[in-house]
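The values are calculated or read from the model by the stated rules, or taken from the named source; none is laboratory data. Keep in mind it's a predicted model, so treat the numbers as computed, not measured. Cβ placement follows ideal geometry from the backbone for every residue including glycine, while neighbour counts extend to all protein chains displayed. Side chains included, ligands, DNA and RNA excluded: accessible areas come from the protein's heavy atoms. Shrake-Rupley method; radii C 1.70, N 1.55, O 1.52, S 1.80 Å.
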Amino acid sequence: MMRLDKMLSHVGYGSRKEVKALIRKGYVLVNGECVTDDDYKVDEINDEVTIANQEVSYQHNIYIMLNKPDGYISATWDFHDPTVLDLIDGYEKRNLFPVGRLDKDTEGLLLITSDGDLAHRMLSPKSHVDKKYYLRYDGEFKESYHSIFESGVELDDGYVCMPAKFIELGNNEGEIIIKEGKFHQVKRMMEAVGCKVTYLKRIEFGALKLDEGLKLGEYRVLTDEELKLIL
Ligand code: URA
């Protein structure tokens, strides 16, 4: 059992003060009954809680999909630049962190969570989680480069990448699917065949697809269907 205001704040409906206001205004129902008392004790697993007719499901962990904009660092703290966590409101005490890194100038799908086990599973080199990126580039991606990517392109430091797939979209645009997450990996893979990435956006991470309804800098919690795909 836990306090209703604490539960709502935990799952992201705002600060304790903000959710108390929602409760007092009568937006919250527990098992179909309106509750206006913010220290009401709720069974967070078995009670049915709705807020403005939306069902609230309590999760111990938080899972957020962010459409990362250019200019933000994928870290919890940085000395110079804003971090992706600066874009997320209302979860201040939930120990959120980004699952892996996108470069400061890379946009797109970034999972932000408090679930260390999930992050470990998705990032472990052994788990081979596919990451799909859309990119624009300068240079010519020649026909013969497809087989180089498919057999493992060698980077500037001698590292041979795992097999990857490049899909040409025309107009110096493409998509690439990689299974690893080495530092600047896509940029360096393209450089290895004489091309220069001018724009990079992650569109898939494992089974998750970027919600194209999210504008740059916007985020939302994962749906139950998305959670089932990754948990
Ligand atoms: N590869 C890169 O080069 N940069 C990213 O941000 C992600 C993958």
Discussion item. Can you give the FRET efficiency to the nearest 0.05 for D39 and N171, using r as the Cβ-Cβ distance and R₀ = 45 Å?
Written reply: 0.15
Practice prompt. Would you grab the residues whose amide H sits under 5 Å from the one on V49? Only those 5+ places off in sequence or on another chain, please, with H modelled 1.01 Å from N.
Written response: N31, V56
Discussion item. Please compute the modelled spin-label separation between H146 and E218, points set 7 Å along Cα→Cβ, answer in nm with one decimal.
Written reply: 3.6
Discussion item. What FRET efficiency comes out for H128 versus L155 if R0 is 22 angstrom and r is the Cβ-Cβ distance? Round to the nearest 0.05.
Written reply: 0.75
Discussion item. Could you report the chain's accessible area per residue, 1.4 Å probe, as an integer in Å²?
Written reply: 54
Worksheet item: Within segment 194-230, whose backbone N sits under 14 Å from a point 7 Å along Cα→Cβ of R136?
Response: 196-201
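Among residues other than E204 whose Cβ falls under 10 Å from its Cβ, what is the net charge (Lys/Arg +1, Asp/Glu -1)?
Values: positive: K131, K132, R202, K209; negative: D130, E175.
Summing Lys/Arg as +1 and Asp/Glu as -1 gives +2.
Roughly speaking, to the nearest percent, how much of the chain's 1.4 Å accessible area is carbon and sulfur?
Numbers: 6060 of 12550 Å².
Roughly 48 percent of what the probe reaches on the chain is carbon or sulfur.
Pairs K126/K201; K104/K165; K165/K196: which exceed 20 Å Cα-Cα?
On the way: K126/K201 24 Å; K104/K165 24 Å; K165/K196 17 Å.
Over 20 Å apart, Cα to Cα: K126/K201; K104/K165.
What range in the chain is the longest one free of trypsin sites (Lys or Arg not before Pro) that are in a loop by DSSP and have at most 13 other Cβ atoms within 10 angstrom? Present the calculation step by step, with values, prior to reporting the outcome.
Details: sites that count: K25, K93, K142, K215.
After excluding every exposed loop site, the longest remaining stretch is 143-214.
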Item to complete: Please give the solvent-accessible surface of D43 in Å², to the nearest 10, using a probe radius of 1.4 Å with every protein chain present.
Response: 40
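Where the only charges are on Cβ atoms (+1 Lys, Arg; -1 Asp, Glu), what is the dipole of segment 1-117 about its Cα centre, to the nearest 20 debye?
Details: 13 positive and 22 negative charges, 67 e Å.
Once rounded to the nearest 20, the dipole reads 320 debye.
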Worksheet entry | For V11, net neighbour charge (Lys/Arg +1, Asp/Glu -1) across residues whose Cβ lies under 12 Å away | -1
